[in-house]
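Student: Sharing a structure below in structure tokens format, with a few things to ask.
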Amino acid sequence: MGHIGSNSSYFNYLPGKNANDVYTLSIDYVGGGYPGEKFQRVIEVPCDMPLSSLHGLIQHLTGFDDDKIHDFYVASSIRGRKIWFKRGGQWKSDGHTAFVEPIEQVFVSKTKRKLYYSFDFGDNWIFEIGRKGDKGPPQSDRNYPRVVHARGLRPI
């Protein structure tokens, strides 16, 4: 599929070819108001990508505008007990929020919990984000993030 354009906001922090390690992530639409065919994107991203940049990348891949409430949480399944990540603003505590943490902190645990991205609580768009395999070294001839597989049309 290929490289994602560097004019996107989530690209500002990325080291490109100098990424330390890379994760392959699957982003699957799993719930909400979209009755169309299954949306899935498999991407390669630097392990040090913060959740805030992953949010921007998902916005780009889905065609969503950054104009609705969004959040990340972990749970054992889409219907499981949710553990929400703290955000900036009124939910900020001790000057630190999970949205600036690298995604490798999310995938450090050996539990069966999965990462979920919830967008527009009214329409309830929910995407499951899963890691495919262990982290690996970046390829010198590739820029990151990059899409390696796409299935289904963008939701909007």
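The values are calculated or read from the model by the stated rules, or taken from the named source; none is laboratory data. Given the structure is predicted, the values throughout are model-derived calculations rather than measurements. Here Cβ is always computed from backbone atoms with ideal geometry, including for glycine, and neighbour counts include all displayed protein chains.
Student: Take residue 17 and decide whether it is charged (D, E, K, R), modelled with pLDDT under 90 and outside any loop (DSSP other than H, G, I, E, B).
Tutor: Details: charged (D, E, K, R): yes; modelled with pLDDT under 90: yes; outside any loop (DSSP other than H, G, I, E, B): yes.
Yes, satisfied.
Student: What number of residues within the stretch 127-147 satisfy the criterion of being within 17 Å of residue 62 (Cβ to Cβ) and surrounded by fewer than 18 Cβ atoms within 10 Å (Cβ to Cβ)?
Tutor: Going through the stretch 127-147, the residues within 17 Å of residue 62 (Cβ to Cβ) turn out to be 127-130, 145-147.
Subset that is surrounded by fewer than 18 Cβ atoms within 10 Å (Cβ to Cβ): 130, 146-147.
Adding up the residues that qualify gives 3.
Student: Let me ask another. Which residues, counting only those in the stretch 75-107, are small (Gly, Ala, Ser) and at pLDDT 70 or above? Write out each step before concluding.
Tutor: As a first pass, look at the stretch 75-107 and keep what is small (Gly, Ala, Ser): 75-77, 80, 88-89, 93, 95, 98.
Within the stretch 75-107, 75, 76, 77, 80 meet the criteria.
Student: Of everything in the stretch 108-122 that's under 15 Å from residue 50 (Cβ atoms) and surrounded by 20 or more Cβ atoms within 10 Å (Cβ to Cβ), which residue is modelled with the highest pLDDT?
Tutor: 115
Student: Continuing with this model, one more query. Quick one: is residue 68 surrounded by fewer than 19 Cβ atoms within 10 Å (Cβ to Cβ), charged (D, E, K, R), modelled with pLDDT of 80 or more and not in a helix (DSSP H, G or I)? Working first, answer last.
Tutor: Numbers: surrounded by fewer than 19 Cβ atoms within 10 Å (Cβ to Cβ): yes; charged (D, E, K, R): yes; modelled with pLDDT of 80 or more: no; not in a helix (DSSP H, G or I): yes.
So residue 68 does not fit the description; no.
Student: Among what's in the stretch 38-65 and is of a type in the set (Ser, Thr, Tyr) and in contact with a strand residue (DSSP E or B) (Cβ under 9 Å, 6 or more places away or on another chain), pick the residue that is modelled with the lowest pLDDT.
Tutor: In the first step, residues of the stretch 38-65 are kept if they are of a type in the set (Ser, Thr, Tyr); the result is 52-53, 62.
From the residues that got through so far, the ones that are in contact with a strand residue (DSSP E or B) (Cβ under 9 Å, 6 or more places away or on another chain) too are 53, 62.
Details: 53: 88, 62: 85.
It comes out as 62.
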